[in-house]
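Taking it in order: structure first as structure tokens, then the write-up.
The values are calculated or read from the model by the stated rules, or taken from the named source; none is laboratory data. Since this is a predicted model, take the numbers as computed values, not measurements. Methodologically, a virtual Cβ is constructed for each residue, glycine included, from the backbone with ideal geometry; neighbour enumeration extends over all protein chains shown.
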Amino acid sequence: MKCLSHKSEIQNTFSSVRSFSFTEKKSSISEKELTNKFLDAILDLKSSLKEKTHKIYETNANIERLTWLNDLDDECLMIINDLISSAKDLHSSLIRQYVSMTYLRRQGIAKEEIKIFKNAIDELKEAYSDLESVFFFLPEMPNFAETTKQLSLI
């Protein structure tokens, strides 16, 4: 009796291995296909980084344009303050994404795109810092208001 149960277990295992082997033979991926999939993934990563970087640069330009505004009321300053907070949050998220690409950078994958992405992130920090300085720190300096008025006349 014991022999029958063992035979059944052996046959079930054989059947399972046979089926698995057959499936793998039918759907085997060649080395070339694997390489192509890998390269496609790299191209997708590069494309995604380029799009993201472009959007960051657009955001930076929009923030930088705001630094030239003057005579803003408290409501506008409140919105600018909220914008600065959102930009800081965005910067933190982007830095985390950049850090998560450490392995890719070390392997030389999408090296240039990652470098440009990091540059855009750094410029974002500079843009919101400038905005904060122009509207919240520099106006406290006596000579700043007069210099700003003279520059706006040019």
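General observations
- Subset of region 23-61 (residues that are touching a residue at least 12 places away in the same chain (Cβ under 8 Å) and β-branched (Val, Ile, Thr)): Ile42, Thr53, Ile56, Thr59
- Between Glu146, Glu126, Glu112, the distinction of being modelled with pLDDT under 95 and in a helix (DSSP H, G or I) belongs to Glu146 only.
- Scanning region 28-41 for any residue that is under 30 Å from Ile95 (Cβ atoms), of a type in the set (S, T, N, Q), part of a helix (DSSP H, G or I) and within 38 Å of the chain's Cα centre (by Cα) turns up nothing.
- In the set (1) over 22 Å from the mean Cα position of the chain (by Cα); (2) under 20 Å from Ile95 (Cα atoms); (3) not β-branched (Val, Ile, Thr), Glu24 fails one condition alone, (2).
- Selection count where residues are within 20 Å of Val134 (Cα to Cα), free of Cβ contacts under 8 Å to residues at least 24 places away in the same chain and either surrounded by 13 or more Cβ atoms within 10 Å (Cβ to Cβ) or of a type in the set (Gly, Ala, Ser) (or both), scope region 62-106: 3
- Filtered residue count, region 24-60, keeping only those that are touching a Leu at 6+ places or on another chain (Cβ under 7 Å) and β-branched (Val, Ile, Thr): 2
- Meets criteria (touching a residue at least 40 places away in the same chain (Cβ under 8 Å) and at negative phi) for Leu124: yes
- Yes/no for Thr13 being at pLDDT 90 or above, of a type outside the set (Asp, Glu) and touching a helix residue (DSSP H, G or I) at 6+ places or on another chain (Cβ under 8 Å): no
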